[in-house]
Amino acid sequence: MNDYSAYADYLADIINRFSGEYSCSPQAVQIENQMIKWVASIIGYDATTAGGATLSGGSMSGLMALITARSHYNITSKQVSSCCVYVTHHTHHSIIKALHLVGMGDAQIRYVDVDDMYAMNVDHLQQLITADLVAGLRPWFIVASAGTTNTGAIDPLRRIGVIAQTAGCWYHVDGAYGAFFILTSQAARLFDGIQLADSVVLDPHKGLFLPYGILTSFPHTLY
Ligand SMILES: Cc1ncc(COP(=O)(O)O)c(C=O)c1O
C-alpha cells in the first residue's frame, strides 16, 4: 500500500463524510467523479459520457453490473429462466452468487470451454449462443475475465465483445484483479477490446495497492 492512499484512507475515516449525495459533501463527490473519469479514460471509454461508482469490492460491482443489465433489457421475472449467462469455470464465483442475489438464480448458466492458456474459447462461445438462439432462449449476459483469479488469464476481449454486440448481449468484463495492468507497457495490448464492454470492474485495492474496499465499475450508461 502506498503512503498517499494510507493518509487518504485515514482522512476519510476521521472526517467520515457521506459522499453518496453531492449536497452533503461536494468535494468528496467531485474526487470520486474525477477518479471515475480517469479510470474511464484508461479503459478507453469516452470519459465525457462514461459513468460509474465506487463500491465496497469486486463482488458488489459484479452485482451492480447484473442489476444494470437486467434493467437495461427490462428482464421480467417470467423471462429469467430463458436468459442465458456465459461464463467459464475460471469466472469469479461472485458472479454466480450475484445472479442468485438479484433473483436470477433460474437463469441458464453456460460454461464456455477455455483454451490451453485458460482463456475463453470464443468459437465455443459462439456455438453456445447459436444453440441457445435455435432453442428459443435469450443470450443475455457474457462475462469475460481480464485476469482470472486462478491463473491471471485474460480472455480475448475484442473477439468476445464483437460476439456480444452481434448477439445483443450485455458484455461484462471482470477486471477486478487484472485490468489495472492496462497501465503497463508490457501488458496493455492484452486488454485490446475492453472498451467494447458495457460494464467493467476494477479493484484498485488489488492492482493499485490501495486500501481495501475501493472499487469502481463503469456501465456506459448511468441509471
Ligand atoms: C477476478 C475477480 N473478480 C471478483 C473478485 C471479488 O472481489 P472482492 O473480493 O473485492 O469482492 C475477485 C477477488 O479476488 C477477483 O479476483
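The values are calculated or read from the model by the stated rules, or taken from the named source; none is laboratory data. Being a predicted model, the structure only gives us computed values, none of them experimental. Note: ideal-geometry Cβ built from the backbone for every residue, glycine included; neighbour counts use all protein chains shown. Side chains are part of the model used for accessible areas, which takes the heavy atoms of the whole protein and leaves out ligands, DNA and RNA. Shrake-Rupley method; radii C 1.70, N 1.55, O 1.52, S 1.80 Å.
For (1) open to solvent by less than 10 Å² (accessible area, probe 1.4 Å); (2) at pLDDT 95 or above, each residue gets a yes or a no:
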site: Ile154; (1), (2): no, yes
site: Gln165; (1), (2): no, yes
site: Cys169; (1), (2): yes, yes
site: Asp174; (1), (2): no, yes
site: Tyr177; (1), (2): no, no
site: Phe181; (1), (2): no, yes
site: Arg189; (1), (2): no, yes
site: Ser199; (1), (2): yes, no
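For (1) outside any strand (DSSP E or B); (2) touching a residue at least 60 places away in the same chain (Cβ under 8 Å); (3) open to solvent by less than 70 Å² (accessible area, probe 1.4 Å); (4) touching a helix residue (DSSP H, G or I) at 6+ places or on another chain (Cβ under 7 Å), each residue gets a yes or a no:
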residue: Ser59; (1), (2), (3), (4): yes, no, yes, yes
residue: Ser71; (1), (2), (3), (4): yes, yes, yes, no
residue: Ser81; (1), (2), (3), (4): yes, no, yes, no
residue: Val85; (1), (2), (3), (4): no, no, yes, yes
residue: His90; (1), (2), (3), (4): yes, yes, yes, no
residue: His100; (1), (2), (3), (4): yes, no, no, no
residue: Leu128; (1), (2), (3), (4): yes, no, yes, no
residue: Asp132; (1), (2), (3), (4): yes, no, yes, no
residue: Ala144; (1), (2), (3), (4): no, no, yes, yes
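Residue under question is Arg17, and the condition is that it be away from the ligand (no atom under 16 Å from the Cβ), open to solvent by 90 Å² or more (accessible area, probe 1.4 Å) and in contact with a helix residue (DSSP H, G or I) (Cβ under 9 Å, 6 or more places away or on another chain); does it hold? First the steps, then the outcome.
Values: away from the ligand (no atom under 16 Å from the Cβ): yes; open to solvent by 90 Å² or more (accessible area, probe 1.4 Å): yes; in contact with a helix residue (DSSP H, G or I) (Cβ under 9 Å, 6 or more places away or on another chain): yes.
Judged against the criteria, Arg17 is a match.
Out of curiosity, is Val29 surrounded by 16 or more Cβ atoms within 10 Å (Cβ to Cβ) and part of a helix (DSSP H, G or I)? Even if it seems obvious, please write down each step before you answer.
Working: surrounded by 16 or more Cβ atoms within 10 Å (Cβ to Cβ): yes; part of a helix (DSSP H, G or I): yes.
Spelling it out, Val29 is indeed surrounded by 16 or more Cβ atoms within 10 Å (Cβ to Cβ) and part of a helix (DSSP H, G or I).
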